[in-house]
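The values are calculated or read from the model by the stated rules, or taken from the named source; none is laboratory data. Predicted model only: the values in this text are computed from it and were never measured. Here Cβ is always computed from backbone atoms with ideal geometry, including for glycine, and neighbour counts include all displayed protein chains. Side chains are part of the model used for accessible areas, which takes the heavy atoms of the whole protein and leaves out ligands, DNA and RNA. Shrake-Rupley method; radii C 1.70, N 1.55, O 1.52, S 1.80 Å.
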Amino acid sequence: MTHPTTDSDYPLSEVPAGARKGLFSTSIMLFSFTFFTATMFAGGKIGMAFDFTTLIGAAVIGNLLLGAYAAILGLIACRSGLNSVLMGRFCFGEAGSKLSDVLLGFTQIGWYAWGTATVAIVLVKILGLPEGLTIPLMVLFGFAFCITAFIGYKGLDILSRISVPAMLALLVCSLWIATDDIGGLSALMAIEPTQSMTLSVAITMVFGTFVSGATQATNWTRFARTGRIAVIASMVGFFLGNGLMIVAGAYGAIVYQQPDIVEVLVLQGLSMAAVVMLFLNLWTTQDNTIYNFAAAGCNLLRTGRRKTVTVVGAGIGTLLAIGGMYEMLIPFLILLGSIIPPIGGVIMADYFYGHKSRYPLLAEARIPAFNWVGLGAYGVGSLCAYFSPWVAPLVGIAVAAVVYIVLFEAKKILAARGQVARA
């Protein structure tokens, strides 16, 4: 049963025209979301394996693909006013959509736990605090980071407007110092790679690191005033923002053998700036992440109590952080690259092919309990992504979309034969 809600973030319905936002608000929201420490680690690994020119090429290709993926989903979200979990009702069914709710919610709470653990562990290290304060700090930040998400879009927007310029200034300053320390751009480009990696693996890392976030960026692009705004904002966040994180991580790894911008700032003698960057970098992603969890949780439970779900999610994320989520980042990323992108593939195929680019109003739609076409396509896409030796997330998206179309047509043929037989 759907509960009524006065929440201005519309957790269970389309975003109305009067609540839509402009380009600056949507872009800066997505830009702050992609400013994430974990993405820098991916950039650091790539930076150690390629010369600087090839590294830039891998970053451009990977982030163009990621931006295009986010932009297509963003266009659908803007036109329909729905986010990915609400669109899941159409492509997976009323009950079947709970599968995507659980998967998307799980990925976001996993990121939230990792970020909560990271801020506590790094703060203890930078400030030389007693180890015994690590868990109390996890509890403190686990709930503090959710405050802006508890407020909703308005809270996220305000934080983004303050934090993004500050983080950009710190990042540019750090990159400038790093370039000077290495002896200029010519010296940087002359450095030979110390590790090996194929270009395919590099693109997979760039695309896969934040593809789960791109799948749920619809939580903000559905607020975009026009489709053009949604597309441009998606490219700003996932091509420019995520690309900047990849390059910054690579820069740090090449110059200081350290991909994390916080650690780099400490090495550059900017410890207080490092603390500021740590807070802003993680807070702007943490609040977006727990907001995503709340969106999935509201659809799963069919409740409009978004704020309550937000606080409960922060509690779960804090417990996972205390339980050691910090050590599970790499296996977690590999899992995300297989199970999340096919959801986006099914949504695209269902919207453009199954619904001819137009969803009915959610409150008036007749939705079956299970849409076996969408669920089947998702299952095949996930399996192919998991076992793929190539760019797993891209394989998952493409296979899920193609299989959806094949199953959709097969269902139509079977339905037509059934009508003939009954006649």
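Judged by the mean number of other Cβ atoms found within 10 Å, the most tightly packed of the peptides 364-372, 34-42, 95-103 leads the ranking 34-42, 95-103, 364-372. For region 237-305, the alpha-carbon coordinates run over 50, 26, 17 Å along the three principal axes, in decreasing order. Summarise the long-distance tail of P(r) for region 244-349 by giving the % of C-alpha pairs beyond 20 Å. Value for region 244-349: 60 percent of Cα pairs lie more than 20 Å apart.
Report, to the nearest 10°, how far helix 134-144 tilts away from the longest principal axis of the Cα atoms in the chain, using its own Cα long axis and a range of 0 to 90°. Compared with the principal axis, the helix lies near 50 degrees. Per-residue 3J(HN,Hα) values for region 378-385, derived from phi via the Karplus relation 6.51 cos²θ - 1.76 cosθ + 1.60 with θ = phi - 60°, read 4, x, 5, x, 5, 4, 5, 5 Hz in sequence order (x marks Gly and Pro).
Among 311-318, 187-194, 373-380, the peptide with the highest mean count of other Cβ atoms within 10 Å heads the list, and the full ranking is 373-380, 311-318, 187-194.
For the chain, what does -39500 (n - 2.57) per DSSP helix run (n ≥ 4), summed and divided by total residues, give at 222 nm, in deg cm²/dmol to the nearest 500? Walk me through the numbers before you get to the answer.
Numbers: 21 runs with 310 residues, N = 423.
The helix-only estimate for the chain comes to -24000 deg cm²/dmol at 222 nm.
Working ranking of peptides 244-257, 142-155 by packing, defined as the average number of other Cβ atoms within 10 Å per residue, highest first, is 244-257, 142-155.
In this view, the solvent-accessible surface of Cys78, computed with a 1.4 Å probe and all protein chains in place, comes to about 10 Å². Give the long-range amide H neighbours of Ala224: residues separated by 5 or more places, or on another chain, with amide H under 5 Å away, using H modelled in the peptide plane at 1.01 Å from N. Amide H to amide H, under 5 Å and 5 or more residues apart or across chains, Ala224 pairs with Lys21.
Once you've got the Cα coordinates, tell me which of Lys307/Lys412; Lys21/Lys125; Lys98/Lys412; Lys21/Lys356; Lys154/Lys356 are over 30 Å apart. Flagged as over cut-off: Lys307/Lys412; Lys21/Lys125; Lys154/Lys356.
Using just the Cα positions, wrap region 266-423 in a convex hull and report its mean projected area in square nanometres, one decimal place. Orientation-averaged projected area of the Cα hull: 14.4 nm². Working note: Debye formula, equal point scatterers on the alpha-carbon atoms of the chain, no solvent; log10 I(q)/I(0) at q = 0.10 Å⁻¹ is -0.66.
Assign one of three labels to region 19-133, namely rounded, prolate or oblate, based on the Cα gyration tensor with a ≥ b ≥ c the square roots of its eigenvalues; rounded applies when a/c is under 1.5, prolate when it is not and a/b is larger than b/c, and oblate otherwise.
Numbers: a/c = 1.99, a/b = 1.33, b/c = 1.50.
Oblate, because a/c is 1.5 or more while a/b does not exceed b/c.
Give the dimensionless ratio obtained when the Cα radius of gyration of region 115-205 is divided by 2.2 N^0.38 Å.
Working: Rg = 19.1 Å, N = 91, 2.2 N^0.38 = 12.2 Å.
Rg over 2.2 N^0.38 Å, computed on Cα atoms: 1.56.
Let me have the relative contact order for region 23-421, percent, based on Cα pairs under 8 Å that are six or more residues apart. Contact order relative to length: 34 percent.
Only protein atoms count toward the accessible area here, which uses a 1.4 Å probe; on the chain, the carbon and sulfur part of that area reaches 71 percent. Counted residue by residue at 0.36 nm each, then reduced by the alpha carbon distance between them, the extension gain from Ser357 to Val402 reaches 14.5 nm. Applying the Karplus relation 6.51 cos²θ - 1.76 cosθ + 1.60 with θ = phi - 60° to region 174-182 yields 3J(HN,Hα) values of 5, 5, 5, 5, 4, 4, 5, 5, 7 Hz, where x marks Gly and Pro.
Give me the accessible area per residue for region 23-421, probe 1.4 Å, as a whole number in Å².
Details: 15260 Å² over 399 residues.
I get 38 Å² per residue for this part.
Computed from phi, the 3J(HN,Hα) profile of region 363-369 under the Karplus parametrisation 6.51, -1.76, 1.60 (θ = phi - 60°) reads 5, 9, 6, 9, 10, x, 4 Hz, with x in place of Gly and Pro.
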